[in-house]
1. For segment 34-87, which positions are at pLDDT 95 or above, under 18 Å from VAL11 (Cβ atoms), more than 11 Å from the chain's Cα centre (by Cα) and among the charged types (D, E, K, R)?
2. In the set ARG72, ARG97, ARG48, which member is touching a residue at least 60 places away in the same chain (Cβ under 8 Å) and not aromatic (Phe, Trp, Tyr)?
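The values are calculated or read from the model by the stated rules, or taken from the named source; none is laboratory data. As the structure is a prediction and not an experimental result, all values here were calculated from the model. Please note: Cβ atoms are built from the backbone with ideal geometry, for glycine as well, and neighbour counts cover all protein chains shown.
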Amino acid sequence: MGGDSAESKEVRVTKDMALSHADFFRILPGLLDGEAYEIDGNKVRVARGPGQIEIRLSPEGHRQMAALRLPRTQIELRFRSCSLQAVETFLADFDLRYRRGGG
């Protein structure tokens, strides 16, 4: 196996979200749909086939918009030894699960 295959590289995606840590961890089981995962502080690790997904949460902050104060968390998703298709599928499900209503 060559070291340049798509599956051997790490893919990192960062999202700046209006989300508290409590909300993140409340929604997480639905995202993983029964899949085993490990929580270590503000990190979550998921073994997926030969690969691994690691989710890191920044310290929780806030975003102020006039009189409105929203939670703010930067989330970094790291995909190791995952196919590009697996990364895209996970990110689509992540965005769907963590989407906030608005209009």
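1. ARG80
2. When all the criteria are applied, what remains is ARG97.
Yes/no matrix, rows are residues, columns are (1) outside any helix (DSSP H, G or I); (2) among the basic types (Lys, Arg); (3) surrounded by 14 or more Cβ atoms within 10 Å (Cβ to Cβ):
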| position | (1), (2), (3) |
| --- | --- |
| PRO71 | yes, no, yes |
| ILE75 | yes, no, yes |
| CYS82 | yes, no, yes |
| ALA86 | no, no, yes |
| LEU96 | no, no, no |
